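These notes are about the structure you will find just below.
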Amino acid sequence: MNMESGKLDFPASQTGSLVTSLADLRVENSYAGLPRGFHTFLQPQPLGDPKLLHANVEVAAILGIDPSVLKSPEFLQVVSGEQPLPGGRTLAAVYSGHQFGVWAGQLGDGRAHLLGEIITPQGPQELQLKGSGRTPYSRMGDGRAVLRSSVREYLASEAMAGLGIPTTRALAIVVSDDPVYRETVETAAIVTRVAPSFVRFGSFQHWTGKAEQLRILTDYVIDRFFPQARESSAGEANSDHQPILRMLRKVTRLTARMVADWQTVGFCHGVMNTDNMSILGLTMDYGPYGFMDGFQANHICNHSDTSGRYAWNVQPAVAHWNLYRLGSVFLTLGLEEEDLREALSSYQDDFLQAYHSNLRRKFGLQTWLKEDEQLVDDWWRLLHSQRADFTLAFRTLADAPVDPQAFLKLFHDPEPARQWLHSYEQRLQAQTFPEAERRESMLRVNPLYVLRNHLAQEAIEAAGRGDPGEIETLINLLRDPYTERPGFEYYAQEAPEWAQRLEVSCSS
Ligand code: AMP
Ligand code: MG
């Protein structure tokens, strides 16, 4: 993993041999080495008659696991929680957090079990089961996750990875007929998630006022993930506060870039509580998320978010607010408020830099000019006023200067779109990019396939009938969402009318 570039490198396969038994993996348990109070050692509660619905060959390769292992009883036993990861120490971790802006106190892995970390050439990767039973942090919950939300998490992790957006990954999904009681009776599933770490802002918040434990967690995270924060540049003071401030600057940058990436693919997280914010700037805890179909700036993807706290256009500000919650924890270690503020102060610039850089490429521009802000503003206004399809508007823009048909078709009233296109064409004339190159470059950054709610819904329904085919199809398309594949036109279409009635909520 390369934290410096802000992106995680997940090569399709790693060099070196792949293990043909999980027992041959190199497994460590660094998180388990933290003192008592950070976690509870316990075993998952397996599901009745678990079946492997899908396993991810690409993520297995990252972990150094041969595809043949994915079909073995040994693999099913581990990803269904029946057996520990060989060499792993299974635990549930504690954390706290702000939910919808309100301090919620202690939360923690209420339905997740960390199995241990696999040492790979790219660094350690933790394996975590979600939906694997009750823990001391379950509060009123049943420790389970329903098939619906598990398929959604599985698909979203891989869709984000395909878009090059930092995210936790998903290795496998296991299903069972065990009933789970939500608004209706549903069935249970377990997703195996993969990430270098599942530490959240809320993991730090948990130790507000507890200097000793906060120091331990901070040292753990800096040593493992931000070792550069220990190095002082010439002339810089190196008090024991400095590494923390450097870590915060880095987390600020990673978080800003992650949210900029969300904004420019039309992704809404849905529950940006501080306990769902990764310290590594990974998109995590996929619940009622959504990739927008028709663009609406204030789109709310989570039906339970009645006030629109986590609407699309509020996400950048919420992330900054969350960073302040993280930063203020370190008052406990005697850091000055002013220094903490300073460490988080680059957020807006970091965000805008990444946001403009993404947009520059999406619009096929060679450089970003101040005036481009107006062009983009007008673009959002145009899309918003007609709820034009987010993904297809960007995708069809590549060809629009030559052949505007497909682009204009996305608008009920094409006249304002034509006008905008006119100013866009003028902007293009001010640069020296050969047309063919501009077009090509745009098709490489504007996806054709995106994990639309209705596509996820169809995959869920098929999965409910025991058919993983749609999951397989979506994973294959979303792994490389930029390359048009003949025969898959259905997956590149605007959402059908019934998709508007789909509601996703916190219920999971
Ligand atoms: P989430 O909304 O999934 O991010 O979860 C927020 C908190 O509630 C976390 O501490 C979860 O572990 C916990 N939680 C959510 N659903 C359940 C459940 N069904 N059983 C136990 N804990 C849960
Ligand atoms: Mg969560």
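Computed from the coordinates by the stated procedures, all read-outs in this text should not be read as laboratory data. Keep in mind that what you see is a predicted model, and the values were worked out from it rather than measured. Using ideal geometry, Cβ is built from the backbone for each residue, glycine included, and neighbour counts are taken over all protein chains shown.
Each Cα pair under 8 Å and six or more residues apart adds its separation to the average, and for the stretch 365-432 the resulting relative contact order is 36 percent.
Each of ILE190, ILE118 has some number of other Cβ atoms within 10 Å of its Cβ, and from fewest to most they run ILE118, ILE190.
Considering only beta bridges that DSSP places wholly inside the chain, some 95 percent are antiparallel. Judged by a Cβ-Cβ distance under 4.7 Å, the unpaired cysteines of the chain are CYS506. Here the chain is treated as a sphere whose radius is the Kirkwood value from Cα pairs; by Stokes-Einstein at 25 °C and 0.890 mPa s it diffuses with a coefficient of 104 µm²/s. Summary value for the chain: 14 percent relative contact order, contacts being C-alpha pairs under 8 angstrom separated by 6+ residues. Summing charges over neighbours of LEU477, with a neighbour being any other residue whose Cβ is under 12 Å away from its Cβ, gives -3 when K and R count +1 and D and E count -1. Every helix of 4 or more DSSP H residues in the chain counts as -39500 (n - 2.57), and over all residues that averages to -11500 deg cm²/dmol at 222 nm. Amide H contacts under 5 Å for GLU126: ILE118, ALA195, SER197, restricted to partners 5 or more places along the chain or on a different chain, H placed in the peptide plane at 1.01 Å from N.
Please give me, ordered by residue number, the trypsin sites (Lys or Arg not before Pro) of the stretch 369-434 that lie in loop per DSSP and have at most 12 other Cβ atoms within 10 Å. Passing sites in the stretch 369-434 are LYS370.
Quick one: Cα centre-to-centre distance for the stretch 429-508 and the stretch 253-294, in angstrom? Result: 18 Å between the Cα centres.
The alpha-carbon of LYS250 sits under 24 angstrom from the alpha-carbons of these lysines, leaving out residues fewer than 8 places away in its chain: LYS7, LYS210.
Among VAL194, VAL259, sorting on how many other beta-carbon atoms sit within 10 Å of each Cβ, with the fewest leading, yields VAL194, VAL259.
With a point put 7 Å past each Cα toward its Cβ, work out how far LEU369 is from ASP178 in nm, to one decimal. Label-label distance for LEU369 and ASP178, simple model: 6.1 nm. For the stretch 22-199, averaging the sequence separation of C-alpha pairs within contact (under 8 Å, six or more residues apart) and dividing by the residue count gives a relative contact order of 25 percent. Between TYR490 and ILE216, the C-beta separation translates, for a Förster distance of 45 Å, into a calculated FRET efficiency of about 0.30.
Within the chain, the whole DSSP H helices whose Cα atoms reach 24 Å or more along their own axis and whose mean Kyte-Doolittle score is at least -1.0 are 242-263. Listed by chain and number, the aspartates and glutamates placed with their C-alpha closer than 15 angstrom to that of LYS71 are GLU58; residues fewer than eight positions away on the same chain are left out.
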